[in-house]
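Quick notes on the structure that follows.
The values are calculated or read from the model by the stated rules, or taken from the named source; none is laboratory data. Computed from a prediction, not measured in an experiment: that's the story for all the values here. Counting neighbours? That spans all protein chains shown, and the Cβs are built from the backbone with ideal geometry, glycine included. When the accessible area is computed, the model is the full protein with side chains, heavy atoms only, and any ligands, DNA or RNA have been set aside. Shrake-Rupley method; radii C 1.70, N 1.55, O 1.52, S 1.80 Å.
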Amino acid sequence: MIRLLTFCALFLPLLATAQRYEFTHDDTLRGSITPERSWWDLTFYHLRVRVQPTDSTLSGSTEIRYRVLKPAQTMQVDLQRPLRVERIEQDGKSLTFRQDGDAYFVTLTKPQKTGQNEAVTVFYSGKPRVAKRPPWDGGLVWKHDKEGNWFIATACQGLGASAWWPCKDHMYDEPDSMAISVTVPEDLMDVSNGQLRKVTTNADRTRTFDWYVKNPINNYGVNINVARYKHWSDTYQGEKGTLALNYYVLPEHLDSAKIQFQQVPKMLKAFEYWFGPYPFYEDGYKLVEVPYLGMEHQSSVTYGNRFQNGYLGRDLSQTGWGLLWDFIIVHESGHEWFANNITYKDVADMWIHESFTNYSECLFTEYYYGKEAGAQYVIGCRALIRNDKPIVGIYNVNNSGSGDMYYKGGNMLHTIRQLVNNDVKWRQLLRGMNKTFYHQTVTAQQIEQYMIQQTGLNLKPVFDQYLRDIRLPTLEYRSVKGSLQYRWTNCVAGFDMPIRICLGESGPYRSLQPTSQWKTLPANGVTTLTVDPNYYVLCKRLGE
């Protein structure tokens, strides 16, 4: 069933133009906190999965432990077609269930009493969706290395973890910890999240790798990576002590990786400075080669950047700074703070992950090459901004907003940093955010309000302008009798963001407080002004 929703000025007054969206019943089941989800709090998963490369199938089970928040007898569990649920049990007894698209509604026979801890186990099998363009269009990736050995990985952000294992597939609820047991052919190795507890050799010429995650983890952050990996380890002395570092690559890339992955400690040093301690010391940090570009899987960051600097050898900023470091190591690891530590409740707020992590690239550059270098990098990325639709998506239907959440979002943060105008305070804000929302799922409102409170600035119109509107605010000015008149246009109501300008094309910057009403600046006959390029705005002289 297709449900047509037209969002216009009546519903989203901040949009510059009405936009039309189409959502399905499946989108609602996937993207909303349904009654069958809301009554129970997820506490633990044990995922057991057998990977069978010869026929591209998965089989296994997920034990789902939960705490009852209020009495109910129907539970929603998610598993995407073409995978299928074989049976569901509680306390060893089979339960009845009905399928509605990619959601399964389980009838629980045992009374579910508030405060009780319970568990169900979901058994499943089948051929999972094959990724078409990972990591953006995800699923399972079935490839081979140069020697013909299997090279397998998962990537499922956006698509959802239920594309390959049964789970409560909504980001608002995370387990407190998780066990992952992956069985693969005996000549292969699995690398997943957390710490490896044991490897068991089975009688059927397979091996089972048991991993354990001690921290909360979001669904799409869970992964399996299967290959004939070469492994080496190291340690990093960080803010919380000794952090275990483990690296897994294909044999043919071992020498290149040992050189390129030396950037990991540099990344950790910079990000612990800006954001605070790495959030998962108990689970360690891994960098794992995969047959796609990369993804921020928690404590198991995946890498496919061909062991070169830049983004597949390109500098996204076109400034030269982006060729001094490996984009995937920096960007995907930055997500350990913004995505895995602080996680959106609804994918409509995906900017919380991507805007801050995009800005982490600027901060990494600044840490090693200076503040001007960092600014040049983030400003250079503006060429990639499309301003095609709002950054914030539509809530409750598994809808993310514009890809501008990366470069426009990063430039929004850079603009806000100019308003703060205090680098010590800016760093404290970022570190404080990771401490305040440590291992939490959050809404955009929580993050925005935190930044408003910590800065003491009225940032609401700024967030509304950059996140919820496609227009770029424009400082409009005109020369009148030796003075300059100026105002904000192309902006949301109440947009009164301060800005730094200089008279003419160069000279000392001064602060202005424009509004949507004309104001006058004595200019001693100077007829032009220039905006500090650190602000992501347009400047337009009338009459030109």
Could you give me the residue pairs with C-beta distances under 8 Å whose first residue belongs to the range 366-382 and is of a type in the set (S, T, N, Q), whose second residue is open to solvent by less than 20 Å² (accessible area, probe 1.4 Å) wherever it lies, and which are 6+ apart or on separate chains?
Gln376/Ser317
Has the range 367-382 got at least one residue that is crowded, with 24+ Cβ neighbours inside 10 Å, in a helix (DSSP H, G or I) and within 12 Å of the chain's Cα centre (by Cα)?
no
Hits in the range 383-396 - residues which are open to solvent by 10 Å² or more (accessible area, probe 1.4 Å) and among the hydrophobic types (A, V, I, L, M, F, W, C):
Ala383, Leu384, Ile385, Val392, Ile394
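Search the range 103-131 for residues being among the basic types (Lys, Arg) and closer than 25 Å to Gln80 by Cα, and hand back the single one that is least open to solvent (accessible area, probe 1.4 Å).
Arg129
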Kindly state which strands (runs of 3 or more DSSP E) lie completely within the range 9-121 and contain at least 1 residues that are free of Cβ contacts under 8 Å to residues at least 40 places away in the same chain.
19-24, 40-52, 74-78, 84-90, 96-100, 103-107
For residues that are modelled with pLDDT under 95 and aliphatic (A, V, I, L, M), tally how many sit in the range 132-154.
0
Of the residues in the range 311-354 that are buried (at least 18 other Cβ atoms within 10 Å of the Cβ) and among the small types (Gly, Ala, Ser), the one that is nearest to the chain's Cα centre (by Cα) is Ala339
For the range 508-532, the count of residues that are exposed (fewer than 13 other Cβ atoms within 10 Å of the Cβ) and in a loop (DSSP other than H, G, I, E, B) equals 5
Looking at this structure, is Asp100 at pLDDT 95 or above, over 17 Å from Thr74 (Cβ atoms) and open to solvent by 30 Å² or more (accessible area, probe 1.4 Å)?
no
Which residues, counting only those in the range 439-486, are open to solvent by less than 30 Å² (accessible area, probe 1.4 Å), in a strand (DSSP E or B) and of a type outside the set (Ser, Thr, Tyr)?
Val442, Leu475, Glu476, Leu484
Which residues, taken from the range 188-212, are over 28 Å from the mean Cα position of the chain (by Cα) and among the hydroxyl-bearing types (Ser, Thr, Tyr)?
Thr200, Thr201, Thr206, Thr208
If we only count strands (runs of 3 or more DSSP E) wholly inside the range 126-187, which ones have 2 or more residues that are aliphatic (A, V, I, L, M) and under 20 Å from the mean Cα position of the chain (by Cα)?
150-155
